[in-house]
Amino acid sequence: MKSLSSIIVCLLLGCAPYVTAKCQLGQVASAYCQHNGTPCYWVHEVKFPIRFDFTPTIFASLAGIDARSDRNLRLQALVSKVTQAGFTLTFSSWADTHVYHAMATWIACDEQQITDKESLVG
C-alpha cells in the first residue's frame, strides 16, 4: 500500500518516470498541431524503463489540453499494442475540434506480481 501511495503522489505531482518492481508510470506529450484543415492525430511509442516479466495492464488519463475555446472539445487518448517492453498511446481529435497540444499520464502494472489485488483498489 505504501508503494501505491507513492505512485499516486507522483501521478498528481507530475513526477518523471517512476519505477517499482510491480508498476511504472510516466507522461506523454503531443507535438504542436498546425491544423491544416484536418483533425490532429498523434502516435507515441512508449518504452518502459524496465521490461515487465508479463504483459502489464495500462491505465491512461488525459493530464492537459490546449484547445480553441470557441469549438467543441473532442479528444481521445487510446492505448494499444501493449507488450512487456512498451505500448502505443494515440491522441486524436475529430470534427471541428482544434486541439493544439495534449498530455496524458500513464501507469503500467504487472498484475502477475501483485499478490494483494485489494491494494490497487483501495
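Counting every Cα pair in segment 38-97, what percent are over 20 Å apart? Present the calculation step by step, with values, prior to reporting the outcome.
Values: 641 of 1770 pairs.
Looking at segment 38-97, the distances longer than 20 Å represent 36 percent of pairs.
Could you give the nm distance between label points at ILE65 and GLU45, where each point is 7 Å from its Cα heading toward the beta carbon?
Placing both labels 7 Å along Cα→Cβ, they lie 2.9 nm apart.
Taking amide H positions as placed in the peptide plane 1.01 Å from N, state which residues far from GLY86 in sequence (5 or more) or on other chains have amide H under 5 Å from it.
Sorted by chain and number, the residues that satisfy this are PHE48.
How large is ³J(HN,Hα) for each residue in segment 52-61, as worked out from phi by the Karplus curve 6.51 cos²θ - 1.76 cosθ + 1.60 (θ = phi - 60°), to whole Hz, x for Gly and Pro?
7, 6, 10, 5, x, 8, 10, 10, 10, 9
Test of the criteria: in segment 18-98, which chymotrypsin sites (Phe, Trp or Tyr not before Pro) are in a DSSP loop and have at most 14 other Cβ atoms within 10 angstrom of their Cβ?
Answer by residue number: TYR32, PHE54, TRP94.
Coordinate-derived values only; no laboratory data. These numbers come from a predicted model, not from an experiment. Please note: Cβ atoms are built from the backbone with ideal geometry, for glycine as well, and neighbour counts cover all protein chains shown.
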